[in-house]
Amino acid sequence: MTQSEIRARELGDLLRSRRERLQPSDVGLPPGVRRRTRGLRREEVAQLAAISSTYYTVMEQGRDVRPSRQVLDALATALRLDGAERAHIHELIHGAPPAGTHVVESLPPAVLTLVDRLDPVPAYVTGRCWDVLASNRAARTLWTNWPARPARDRNLLWWMFTDPEAREVMVDWPAEASALLGRFRAAAARHPGDSGFRELLERLHAASPEVRDWWPQHIVTPLGSGTKRLRHPVLGELALHHVVLQLADDPEQKLVTFTTSDQDQDRIAELLGQG
């Protein structure tokens, strides 16, 4: 068996295993009746990926075909593959993941549970471009209600530089915004060609005069712990000490937790109890 045939068979095994672990409700499909297939049907995956059922079947059977990168991306989205799995199927067929691919990030359920259980201690998780991937009630109360924002605007930089609310919340807005942009630049340097960074930076340049002024200064800021001062309409001004933890499964994903004085922590808890 040739290397190409081995890789095609491995791709087929992976596609089948991921198809079988999904239910129609996971991908927005009706459950239907007389469902004897474990997980999704092959034709359902093909429908989600906008390819023919015959072609998908050939791939899942491990036949030696060479699907395009576009087809692999469509399958990765249809089967809810994570970033590592998406890169793996590209490497199997084409030798390496495509440069500049924007990967949709997700978090393990255990991390989502942890963030929620930290209440009333504020906590959130950001991705490689500072998309807010998870936040608990305390964080949403002190910053902004991330889930209520449009999906592409659930980003810490976008909120910081384009939402007037950020300038009210962040007592030291200029220093905080400049440091955040410096951390974003440092991360972007690790991902040259990543379309996620490029697209966000283009949006920020179009929307924010500060980004247009500061980006040419090449400010670079490392990740680190520290103190932030926030202003809340009910609680007043709060000093919060934050710790940044990088997730082992994806070091570009960062869990940030905030602690304050016992008195202020009790006030946050009381406010959440009233919500």
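The values are calculated or read from the model by the stated rules, or taken from the named source; none is laboratory data. Being a predicted model, the structure only gives us computed values, none of them experimental. Ideal geometry is used to build each Cβ from the backbone, glycine not excepted, and the neighbour counts take in all protein chains shown.
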Return the residue satisfying two criteria in turn: it lies in region 98-112 and is part of a helix (DSSP H, G or I) and not β-branched (Val, Ile, Thr), and of such residues it is modelled with the highest pLDDT.
Leu112
Restricting region 65-82 to residues that are among the charged types (D, E, K, R) and part of a helix (DSSP H, G or I), the residue that is surrounded by the fewest Cβ atoms within 10 Å (Cβ to Cβ):
Arg69
Give Leu223, Leu157 a once-over and let me know the one that is hydrophobic (A, V, I, L, M, F, W, C) and at pLDDT 90 or above.
Leu157
Going by the structure shown, is Arg198 surrounded by fewer than 21 Cβ atoms within 10 Å (Cβ to Cβ), assigned by TED's automatic domain parsing to the domain that holds Glu237 and touching a Phe, Trp or Tyr at 6+ places or on another chain (Cβ under 9 Å)?
no
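Does Ala187 meet the test of being assigned by TED's automatic domain parsing to the domain that holds Phe258 and farther than 23 Å from Ala110 by Cα?
Numbers: assigned by TED's automatic domain parsing to the domain that holds Phe258: yes; farther than 23 Å from Ala110 by Cα: yes.
Yes.
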What number of residues within region 208-238 are exposed (fewer than 13 other Cβ atoms within 10 Å of the Cβ) and more than 19 Å from Ala188 (Cα to Cα)?
8
